[in-house]
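Single-structure report; data block below.
The values are calculated or read from the model by the stated rules, or taken from the named source; none is laboratory data. Since the structure is predicted, the reported quantities are computational estimates derived from the model, not experimental observations. Virtual Cβ from ideal backbone geometry, glycine too; neighbours counted across all protein chains shown. What goes into the accessible areas is simple: the full protein's heavy atoms, side chains included, and nothing from ligands, DNA or RNA. Shrake-Rupley method; radii C 1.70, N 1.55, O 1.52, S 1.80 Å.
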Amino acid sequence: MRVYVPLTLSGLAEAHKAGQLGPGPLTAYAVTPGLREWYVSDDIEELEYAALNRAAAASLRLLAGDPGAARRRVVVAVDVPDGEAVADPDRGLDAAGLGEVRIAAAVPLKKAAAVHVDADDAEADVAAAAAALGAADHGDDDAQFTVDGAEDHELLWFGVQEIPNLIG
């Protein structure tokens with residue numbers, strides 16, 4: 001199963017140094033039954049893109065909690081055995097938990113398939129979105145518009161072998 005683990009660039013550097021994503025439990029995003037029902041699509045590529053975007057939103061939350069982190073969202077795509085990624089059945093169609101899964105243990109970085117990172121030109125919008133996230137969570141429409149602006153930036157795809165260049 002392909003899962004998408006939200007990180008920051010500093011979190012990616014730590015994972016690279018340790019050789020693993022973790023320690024567990026890890027929160028990740030995947031194509032879950034709830035995501036399938038919410039997205040109403042049978043196209044696996046569209047569903048995986050939706051899961052990737054959920055992880056990108058979670059990465060933005062990590063950035064909001066870490067003012068010192070570089071303002072670029074990071075998501076690591078990892079392949080894990082199906083039974084290792086578990087969705088919380090109680091969350092159902094809770095919008096905040098769509099596609100969310102838990103992985104109990106650390107995942108070796110060698111299982112990563114790709115890394116998705118914002119381009120340099122997204123940094124200003126991502127920084128503004130991270131700063132506006134709290135207000136958006138409390139219903140501020142202008143702040144939500146700012147948060148949505150970060151989503152206008154597509155994450156770039158990088159091979160795992162490119163991690164040293166991303167964190168360097």
Legend entry - Breaking point among (1) more than 25 Å from His153 (Cβ to Cβ); (2) touching a residue at least 24 places away in the same chain (Cβ under 8 Å); (3) of a type in the set (A, V, I, L, M, F, W, C), for Ala13: (1)
Inset, instruction - Go through (1) on the phi > 0 side of the Ramachandran plot; (2) in contact (Cβ under 8 Å) with a residue 60 or more places away in the chain; (3) over 12 Å from the mean Cα position of the chain (by Cα) one by one and return the number of the condition Val40 breaks. - result: (2)
Inset, instruction - Determine if the range 143-163 includes at least one residue that is β-branched (Val, Ile, Thr), touching a helix residue (DSSP H, G or I) at 6+ places or on another chain (Cβ under 8 Å) and farther than 17 Å from Leu52 by Cα. - result: yes
Legend entry - Failed item in (1) crowded, with 23+ Cβ neighbours inside 10 Å; (2) touching a Ser or Thr at 6+ places or on another chain (Cβ under 7 Å); (3) of a type in the set (A, V, I, L, M), with Val76 passing the rest: (2)
Legend entry - Complete set of residues in the range 26-71 that are touching a helix residue (DSSP H, G or I) at 6+ places or on another chain (Cβ under 6 Å) and either closer than 22 Å to Gln161 by Cβ or open to solvent by 60 Å² or more (accessible area, probe 1.4 Å) (or both): Tyr39, Ala70
Inset, instruction - Could you tell me whether the range 120-140 includes any residue that is without any contact (Cβ under 8 Å) to a residue 24 or more places away in the chain, touching a helix residue (DSSP H, G or I) at 6+ places or on another chain (Cβ under 9 Å) and under 22 Å from Gly34 (Cβ atoms)? - result: yes
